[in-house]
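**Q** One structure coming up, written as structure tokens, with questions to follow.
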Amino acid sequence: MIKAVRGTRDLLPPETALWNFVESAARDVFRAYNFQEIRTPIFEETALFARGVGEETDIVSKEMYTWEDRGRAASDKGQSLTLRPEATAGIVRAYIEHKLADRGLNKLYCIGPMFRRERPQKGRYRQFYQIDAEIIGPASAGSESPARDAELLEMLATLLDRLGMTDWKLQLNSVGCPNDRTQFNQALRQALEPVKDKMCADCQRRALTNPLRVFDCKVPEDQPIIETLPRINQFLDEACRTHFEAVQAILKKVGVPFSLNDRLVRGLAYYTRTAFEFTHGALGAQNAILGGGRYDGLSEALGGPPAPGIGFAIGEDRLVMSLEEKTSAESVSRKPDAYIAPMAGMNGDAARLARALRRHDLVIELGDDSFRLKKSFEAATRAGAKYILIVGEDEVKADAFALKNLRTGEQISVPRGDLARRIQG
Ligand code: HAM
């Protein structure tokens with residue numbers, strides 16, 4: 001038997017109702033903040049992610065699904081393409097390509113699948129879904145302002161609250177500008193030099209390739225060493241420090257709780273200044289339900305105009321997983337209002353009635369005239385229908401139908417014209 005590929009999965013009903021619940025809440029909340037939807041391709045040129053996300057990151061160096069596309073002629077050199085591991089690089093590419101800068105400030109969101117070849121475990125998949133939002137534009141449109149960082153974070157708090165998630169925690173840091181980071185990296189390398197041999201194999205590798213990533217280490221024995229390392233916030237210049245303080249001041253003013261985490265460095269290379277993650281207790285090791293931050297130099301790195309920006313991506317798989325604790329999929333899915341049971345030879349009349357009732361926004365399940373009445377009742381009950389509606393010759397002649405409430409057992413005859421109101425009632 002052929003099964004879904006490792007790290008991918010089918011999202012099945014009724015759980016899909018919870019996914020729709022999350023997505024429609026996100027769309028509603030984003031609309032209130034004047035965000036608009038963008039849909040970018042699932043695959044892009046590999047160079048976009050190499051330049052955007054960063055060659056030395058785990059995502060680009062180990063986790064991408066990359067292939068050489070065939071050229072038209074056998075002799076054509078194929079183009080290197082990659083399934084998107086994240087949405088930001090593609091959105092910024094579209095921003096540059098379509099000259100969205102001409103519109104001033106852009107608030108864009110995107111919902112869809114992303115692909116990373118990670119080791120699958122609970123809350124970690126190779127095809128997973130993100131709800132991503134970005135604020136990007138020329139600095140003259142205010143895109144650099146700490147007010148945008150705070151607005152984005154406050155929007156996230158609003159969305160999570162609206163979904164009924166309590167228990168979330170916002171962790172905040174500033175990773176400074178490239179200049180701060182060069183100095184920080186230097187200091188970090190220096191501090192790691194005498195101690196790195198005592199650390200885990202991953203950290204030994206990171207110390208050479210990308211020392212910042214040492215802060216991701218979860219190995220307990222390494223923690224006392226990591227505690228002694230310098231932190232990025234000791235290297236922030238005046239402008240970055242002031243920006244970060246302004247973000248915090250607005251968050252306090254609007255009442256969004258947060259804690260500072262000077263170890264939060266994030267796994268993508270484009271970040272500048274504000275970096276953040278929201279975590280949730282129910283998730284265990286993969287406890288980040290979302291992450292994001294500023295990326296003031298990304299557009300230029302991709303050959304575009306200066307366009308400071310900030311954004312986030314919610315891991316939808318993880319968000320749904322933590323919601324499932326409180327909100328059942330059943331509670332947000334809609335069951336049939338009525339099940340129509342056609343008697344022998346009455347499929348056409350039943351279809352006509354179903355068509356009329358569905359126009360009243362009723363959920364109608366339609367049976368089949370080959371069913372005995374007993375089988376129709378069983379099917380109606382299994383579908384969770386509120387009513388069963390019987391369509392026989394006598395009913396059609398009288399233009400009134402037997403409507404039975406499957407919860408109370410009460411049965412009445414209702415004229416065709418009153419049916420919708422009666423079922424809705
Ligand atoms: P990220 O931290 O790589 O950031 O991913 C964001 C979220 O996606 C994570 O917090 C997690 O919930 C979810 N996620 C990541 N990998 C997986 C996986 N293998 N399985 C399930 N969920 C996963 C970004 O992707 C940035 N583009 C966010 C951003 C937008 N920054 C600025 N704008």
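**Q** Among the residues of the stretch 327-344, is any modelled with pLDDT of 95 or more, away from the ligand (no atom under 16 Å from the Cβ) and out of contact with any helix residue (DSSP H, G or I) (no Cβ under 8 Å at 6 or more places or on another chain)?
**A** Yes: the stretch 327-344 contains one or more residues that are modelled with pLDDT of 95 or more, away from the ligand (no atom under 16 Å from the Cβ) and out of contact with any helix residue (DSSP H, G or I) (no Cβ under 8 Å at 6 or more places or on another chain).
**Q** Please indicate, with yes or no, whether at least one residue in the stretch 270-288 is in contact with a Pro (Cβ under 7 Å, 6 or more places away or on another chain) and in a helix (DSSP H, G or I).
**A** no
**Q** Run down Gly304, Gly293, Gly267 and say which single residue is assigned to a strand (DSSP E or B) and touching a residue at least 60 places away in the same chain (Cβ under 8 Å). It would help to see each step written out before you state the result.
**A** Values: Gly304 fails: assigned to a strand (DSSP E or B); Gly267 fails: assigned to a strand (DSSP E or B).
One residue alone meets the criteria, Gly293.
**Q** Counting only residues that are at pLDDT 95 or above and away from the ligand (no atom under 12 Å from the Cβ), which one in the stretch 274-303 is most open to solvent (accessible area, probe 1.4 Å)?
**A** Glu300
**Q** Quick one: would you say Arg148 is within 27 Å of the chain's Cα centre (by Cα), over 30 Å from Ile38 (Cβ atoms) and within 14 Å of the ligand (Cβ to nearest atom)?
**A** Criteria not met by Arg148.
Let's see how each residue does on (1) assigned to a strand (DSSP E or B); (2) within 13 Å of the ligand (Cβ to nearest atom); (3) at pLDDT below 95:
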{"site": "Ser61", "(1), (2), (3)": "no, no, yes"}
{"site": "Trp67", "(1), (2), (3)": "yes, no, no"}
{"site": "Arg70", "(1), (2), (3)": "no, no, yes"}
{"site": "Gly78", "(1), (2), (3)": "no, no, yes"}
{"site": "Thr82", "(1), (2), (3)": "yes, no, no"}
{"site": "Pro85", "(1), (2), (3)": "no, yes, no"}
{"site": "Val92", "(1), (2), (3)": "no, yes, no"}
{"site": "Ile96", "(1), (2), (3)": "no, no, no"}
{"site": "Tyr109", "(1), (2), (3)": "yes, yes, no"}
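**Q** Give all pairs with beta carbons closer than 7 Å in which a residue from the stretch 133-146 that is within 17 Å of Ala89 (Cβ to Cβ) and hydrophobic (A, V, I, L, M, F, W, C) meets a residue that is in a loop (DSSP other than H, G, I, E, B) and open to solvent by 30 Å² or more (accessible area, probe 1.4 Å); count only pairs at least 6 apart in sequence or on separate chains.
**A** Sorted first by the residue in the stretch 133-146, then by its partner, the pairs are Ile135/Leu105.
**Q** Would you say Ala313 is within 16 Å of the ligand (Cβ to nearest atom) and assigned to a strand (DSSP E or B)? Give the derivation first.
**A** Values: within 16 Å of the ligand (Cβ to nearest atom): yes; assigned to a strand (DSSP E or B): yes.
Against the criterion (within 16 Å of the ligand (Cβ to nearest atom) and assigned to a strand (DSSP E or B)), Ala313 qualifies.
The values are calculated or read from the model by the stated rules, or taken from the named source; none is laboratory data. Values in this document were obtained by computation on a predicted structure and should not be read as measured data. So basically every Cβ, Gly included, is an ideal-geometry build from the backbone, and we count neighbours across all protein chains shown. For accessibility, only protein heavy atoms count, side chains too; no ligands or nucleic acids. Shrake-Rupley method; radii C 1.70, N 1.55, O 1.52, S 1.80 Å.
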